1. Under a straight-distance cross-link criterion of Cα-Cα below 16 Å, which lysines are reachable from LYS108, leaving out those fewer than 8 residues away in the same chain?
2. What net charge is computed for the residues neighbouring ILE102, neighbours being all others with C-beta under 12 Å from the C-beta of ILE102, Lys and Arg scored +1, Asp and Glu -1?
3. Computed FRET efficiency, Cβ-Cβ of ARG89 and GLU111, R0 30 Å: what is it to the nearest 0.05?
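The numbers here are math on the coordinates, done by the rules we state, and not lab data. Here the structure is a predicted model, which means the values were calculated and not measured. Neighbour counts are summed over all protein chains in view; Cβ atoms, including those assigned to glycine, are modelled from backbone coordinates with ideal geometry.
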Amino acid sequence: MEDVEVSDGDSPYTVEKAPLRNPDLTPLSLNVGELVSLYGWYLLFGTLLVYLLLQYLSRRRSSQRSPPPPTPQDAALVARRQEAMEAARMKMQEELDAKASIFREKQKRQEEEKRRQKIEIWDSMQQGKSYRGTATPSQPPAEASSSAAARPKPDKKPLRSADYSPLSGQEGGSCTFRPGRRGPSAGG
């Protein structure tokens, strides 16, 4: 108790301590070490999360700033780009219009051909001819009959004989059903 002075000044119970000569921080380091050992991963992930959040907010703030005012060179560049885009659009529109007109002409020709075929079919039915008996409209009747005579149909061999029955189990069937033995097995 050398460090403590007791004085009988104003109050009888006042105790004054002398300042520490060599302050020891071991209790503080023990508390910090215990805190890190218990909550180290949480502190690490929390610190990382705060860092990433700050990075995101700084990028967002920088992107929200207004862009610098356009220069005359930028205005000319934008005008040229718009003109080039408009020219490309016009070219593509002209190509599309040309394809559409060609398609419409084909459709008109096909409709006219169908109408002509229907008229021919109607006329042939009025004369008493059957629709199936007439030749295709692209070939004259003389050519249709000569091409049919030039290619005779080959004789087709039937795939199975006439007396084949799948339920009979004969005629070359290799897979047949054989029921198993009844009763106890002979082997054991």
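1. Output for LYS108: LYS99, LYS118.
2. Numbers: positive: LYS99, ARG104, LYS106, LYS108, ARG109; negative: GLU95, ASP97, GLU105.
Here the charged neighbours net out to +2.
3. On the way: r = 32 Å, r/R0 = 1.07.
Taking R0 as 30 Å, the efficiency between ARG89 and GLU111 is 0.40.
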